[in-house]
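Input: a single structure, listed below in structure tokens.
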Amino acid sequence: MKISKPELRKNKLQILVPIVVILFLLSCKTENYDDFSEMGREPVIEPDYSGVTIPQNIAPMNFNILEDEGFYNIRATSSNGTILFVKSSDGIVRFPQKSWKKLLADNQGGKIKLEVFSENKGEKARKYDPIYMYVAKEAVDPYLCYRLLYPGYESWGEMKIVQRSTEDFKESSVFENQLLKDNCVNCHSFSHNNPDKFLLHVRGSMGGTYFVDNGKVKRTTLQSQFMPGNAVYPSWHPAGKYVAFSSNKTVQAFHMRPEKNIEVYDLSSTLVIYDTEKNEMIACVGNDSVKYMETFPFWSPSGEYLYYCRTEQVIQGFDFRQVKYDLIRKSFDQESGVFGKPEVVFNARSINKSVSFPVISPDGQYLVFTLHDYGTFSIWHKEADLYLITLKNAKVDKMSLNSNETESYHSWSSNSKWLVFSSKRGDGLTARPYFAYFGSSDSIGKPFVLPQKDPTMYKRNEKTYNRPEFITGKIKVGPRDFARASGKEAIKAIWTEKK
Amino acid sequence: MLIDNCLQKGKTTEKFAVYLSLSLLFVISATYFYWVGNGIFFYQENRLLFIFSIEYLQKFAIKPGGLVEYAGNFLTQYYYSDGAGTLIISSFLILLCYIFIKINRRLSPDRSISLMFILLPSCLILLLQKRYDHLMHFNLGYLLVAMWFLLSIAIPEKLFRLIVLALFPLFFYLVGSFAFLYLGMFIIYCLIYEKGVLRYLFPVFLIVIVVLTFIVFKELLFLQPIDHLLRYPLPIVDLKSFPKFLYLLLGCFMLFPLLIKIFDPVKLKKKFAEIIPYATILTIFPVTVILLSKHNDPDTANLFKIEKAIYIQDWDAIINQHQSSPSTNVIGQYYYNLALSEKDQLCEKLFFGRQDFGSKSLTLQRDNELINRAIYFYYAIGLISEAHHLAFESMVNYGYRPENIKLLIKTELINGNYRIAEQYINVLKKTLHYRNWAIKYEKMIINHQLINTDPELAGKIRLLPGNDFFIRPNDAQNIELVLMASPYNKRAFEYKMSRFLLERDIVSVVNEVRKMKEMGYTNIPRHIEEAVVTFINIYKELPDLGGLDINPETKSRFFQYSSFCNLYSGNKSRLQKEMKKSERNTFWYYYQFK
């Protein structure tokens, strides 16, 4: 009997389709456990994602189950019934990107229930108590930018600034120092979460402050003889014309008792303003009779106030443990560019503490700062914690997201609903970026570390995540653009004291 | 036999000469590296740590030439054993010869093997390998260049050759700047051996591919600076120390096709043709052996022996080594002093070993490569945070090395940072030779009590400063600060006293003696006593010894010393000669003659 070609094709399909369907179903099959024992507790997972509040656009929250079992079945169920199954033979749970997206999209404002079943050969299956993740309606900015470097001391080796998608695991370098003769790079700062407008400092032979504006990179030299040191901590004025910097003369020293590693402190510091349009550096002259050290400037979103940290000028032989910074603000007239008198916003000295990194939410309602025992470099202070000021009533609260280890640098998402902060809670040495949902001063979600494709990555990564900043899109310039700009002569800023 | 296939049938003399020369090469290399030049194994194995992990591979995979370094590091980890190291290097030299025999056969199928040009690259590499900074991946780079060249000429078909040339980007990615050596070799080959338009077509094609590869690699694929793409990993970073053998080697590679061509048409009478291979052997190997035996640096070899003992904390071996064959090197003398300190004998036996550098051999500068050695002083006196600081700096600057990661683990355990120590332990567990070491310390992560029962770690915990202070650039100040924070730290105290002794500051020595009884000393260490006796003799006053007494035996030795001095008082050189025989181990001899 002869079979025609179309018929043969049809027959093949008739055989292949059921096989494919069966294979597909087998691959999707999950154990439907009827007989299992209840563990009566949640499984231990790393990172700790139990009870966290996550944005509806976050990358898959992969984790590692730290139980001594042979095989795991994980069932993720959304409030509206969408189910996602994942299997793991080594405890590492990786959610497929597409299914995860769907799970979140169907579940905004709801919660995800994660059920973990474990099996060992020849033993009865075990079921752990479910883990819940709460899905906020508010999205987080799609990118996070941070500096990656070794956490310590004097040498830096490889150093780069990286942008990482918060919605998936794509990561790319913005700056890599091997292209600029291994110079140090620091203090990347965005004009209101804008990936097209930012600056960073390079220290070394290719040094300068590099401004990025719509794909163009410009190398400038901001330092002048009238400043105590380089232009250091920046803050963009909301109009985008001015950038406030502190200029710091900084030293570092090394502790010899094990409780502390490094001490970084200022011998002098002052605030200066850079006019990006006129290329002018302007002294930010104070009206105080006492000589102060001023640092960590931050503009209010309206541009009417400049917040900063201030302490009395140290004198020779000072005790670094007695240097306490208060939180201050000065009014600013955008027309004339003139500052008003300083006002104390938070008197940290009165409680024997010190403030650093004041950062105001883009909606202007809240200010988060770091509080520690003394000095100005909180990242090496184990006791450093984040505090919140509700600006309308000046109420100060210690934030619930703190840990026993250092919490330090922090920044807000463009919608004021997410906070990212550096925390050393993992190992006490390397800082990791933690996200926390911010509903209001009394509604702050449990923080979670930036999810990784390989959830065990933080255990192996010896680099620290420095200055995490949310940005509203992808940065278009890359390491080669900075390398090209570094080959050009730096434009020297003009110093003026007119304001 | 592989080599048999490359050699022409019937040429027994040639075969014999080739086997003889390869055997000689192997024997010379093996003898030298196993018995004489084995210091390079210790040095190179300790300057890197091969880790079996994806992250470690990624560090090399992100740059052209990185993989050849990765492979070199993989082999270098076997330098842990002198035997394995010797075998690797010697086998490599033979393999390179084998490739060149095959190339020779391709270039000149009807002629005899040019033994001289085949042996020359391997002999030059053997001479270069004497240098401590000639690393395994350089050897692999040369080998891959020769192999790729062989592949390029192996099949004469035009298409095959174009395919091999088109694969240049892959080759460049594998070997980095070594690919430029191949470029030179291949162009010379084409100009000499190819005929007609192909003589120019292949080089032009290859140059176009090279230029395109370079542009794509630089602008699109790899974030590497241009000089890195041009030079890495060829060993030409430091042109000042560029050895002439390296120029010769690079020349040999590039000009190999030309040399074969030049010497190919030489037609010799049969008897000369048979003599030439043996003449080559009789020339090249004696010259190699003479050059190998020249410029040996016994002091560096001695230093590596001491350093090896430092790593395994064999303090007695270091002390014996320096006392029996003294190092003239400041680092060797620093290690001797360190070993004495670890054995609590610093002021007892300081002058039993050679001291040429005064107090400079007590501590080392904390910069550049020296930080890797300076660490041990801080670790010895209990400045664990500074030892940790320097180990960390070493790790950042030079990557993980067996010693810096071990010190990071120990210092983190001493300082109570168990989670960080665990990270380092997990790294060390992914190595071939240090896994067991890591497992020992991993137990301490699980059971912290084991730290307190470990003699080394518990001893260091006891030495931790009682109060905090900042480390200073000046180590004399640091010792003062340690003693202020922990007044009973005998190790720091003896370093302080040793400084005074080495600076001949007997007044300061005497001023410190009164504190010793309170510190727990029941008798005064030998050299301090000698300094006190000197003080009494010069200043004619009896100092306050805080309740301790001078040993009568010391007084009697001083009497004897004085008698010698009086006997040869008119002849200082004679006096020194006589004293050197019997009294050189004393502070008095150091005080008078150093």
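Residues whose amide H comes within less than 5 Å of that of A:VAL135, counting only those at least five positions distant or on another chain, are A:ILE54, A:GLY109, A:GLY110, A:LYS111, A:ILE112 (H built at 1.01 Å from N in the peptide plane). Take the Cα of A:SER403, step 7 Å toward its Cβ, do the same at A:GLU158, and the gap between the two points is 2.4 nm. Shielding of peptide A:248-260 by partners, expressed as the average count of other chain Cβ atoms within 10 Å per residue Cβ, is 5. Using only the Cα atoms of the stretch A:127-260, build the gyration tensor, take square roots of its eigenvalues as a ≥ b ≥ c, and label the shape rounded, prolate or oblate: rounded if a/c is under 1.5, else prolate if a/b is larger than b/c, else oblate. Oblate is the answer for the stretch A:127-260, as a/c is 1.5 or above yet b/c matches or exceeds a/b. Name the shape class, rounded, prolate or oblate, that the alpha-carbon gyration tensor gives for the protein assembly as shown, where a ≥ b ≥ c are the square roots of its eigenvalues, rounded holds for a/c under 1.5, and otherwise prolate holds if a/b is larger than b/c and oblate otherwise. Because a/c hits 1.5 or more and a/b fails to exceed b/c, the protein assembly as shown counts as oblate. Once the Cα atoms are used to define both axes, helix B:82-107 deviates from the longest principal axis of chain B by about 20 degrees. Fewest-first ordering of A:GLU176, B:GLU530, B:GLU553 by other beta carbons within 10 Å of each residue's beta carbon gives B:GLU553, A:GLU176, B:GLU530. Spacing of the modelled spin labels on B:GLU157 and B:LEU57, each 7 Å from Cα toward Cβ, amounts to 3.2 nm.
To the nearest 20 debye, what charge dipole does the stretch A:143-495 have about its Cα centre, counting +1 at the Cβ of each Lys and Arg and -1 at the Cβ of each Asp and Glu? Dipole size: approximately 560 debye. Each helix, a run of at least 4 DSSP H residues, gives -39500 (n - 2.57); summed and divided by the residues of chain B, these come to -21500 deg cm²/dmol at 222 nm. Across the options B:ASN368, B:ILE188, B:PHE357, the greatest Cα extent toward the positive end of the charge dipole of chain B (unit charges at beta carbon of Lys, Arg, Asp, Glu) belongs to B:ILE188. Close amide-amide hydrogen proximity is noted between A:LEU149 and A:THR464, A:ASN466, each under 5 Å apart and 5 or more residues distant or on a separate chain (H modeled in the peptide plane; Pro and chain starts excluded).
Placing a label point 7 Å from the Cα of A:LYS291 along the Cα-to-Cβ direction, the residues of the stretch A:220-243 with a backbone N closer than 19 Å are A:224-230. In peptide B:417-424, what is the residue-averaged number of other protein chain Cβ atoms found within 10 Å of each Cβ? Rounded to a whole number, the mean comes out at 4. One chain, two ends: B:GLU456 and B:LYS294. Fully extended at 0.36 nm per residue, the span grows by 54.1 nm beyond their Cα-Cα distance. Taken one residue at a time, the phi angles of the stretch A:105-114 give Karplus couplings (6.51, -1.76, 1.60, θ = phi - 60°) of 4, 7, 9, 5, x, x, 9, 10, 9, 10 Hz. Gly and Pro are set to x.
Between rounded, prolate and oblate, where does the stretch A:143-495 land on the alpha carbon gyration tensor, with a ≥ b ≥ c its root eigenvalues, rounded for a/c under 1.5, else prolate if a/b exceeds b/c? Verdict is rounded for the stretch A:143-495. The residues B:ARG574, B:ARG106, when put in order of fewest to most other Cβ atoms within 10 Å, stand as B:ARG574, B:ARG106.
Under a model in which nothing but the beta-carbon of Lys, Arg (+1) and Asp, Glu (-1) is charged, chain B shows a dipole of about 2020 debye around its Cα centre.
Peptide B:117-129 shows a mean partner chain C-beta count of 0 within 10 Å per residue C-beta. Here the spin labels are modelled as points 7 Å beyond Cα on the Cα-Cβ line, and at B:ASN467 and B:SER563 they lie 5.1 nm apart.
Phi angles of the stretch A:385-394 translate, via the Karplus equation with coefficients 6.51, -1.76, 1.60 and θ = phi - 60°, into HN-Hα couplings of 9, 8, 10, 10, 10, 7, 5, 6, 10, 6 Hz per residue; Gly and Pro are given as x.
In terms of packing, defined here as the mean over residues of other Cβ atoms within 10 angstrom, the peptides B:329-337, A:488-496 line up highest first as B:329-337, A:488-496. Subtracting the Cα-Cα distance of A:PHE85 and A:LYS102 from their residue separation scaled by 0.36 nm leaves 4.8 nm.
Evaluated with a Cβ-only charge set (Lys, Arg +1; Asp, Glu -1), the stretch A:204-276 carries a dipole of roughly 180 debye about its Cα centre, given to the nearest 20.
Of the peptides A:295-307, B:310-322, the order by per-residue mean of other Cβ atoms within 10 Å, starting with the highest, comes out as A:295-307, B:310-322.
Read-outs throughout are calculated quantities, based only on the coordinates presented, and are distinct from any laboratory measurement. Note that the structure is predicted; figures quoted are calculated from it, not measured. All Cβ positions, glycine included, derive from the backbone under ideal geometry; neighbour counts span all protein chains shown.
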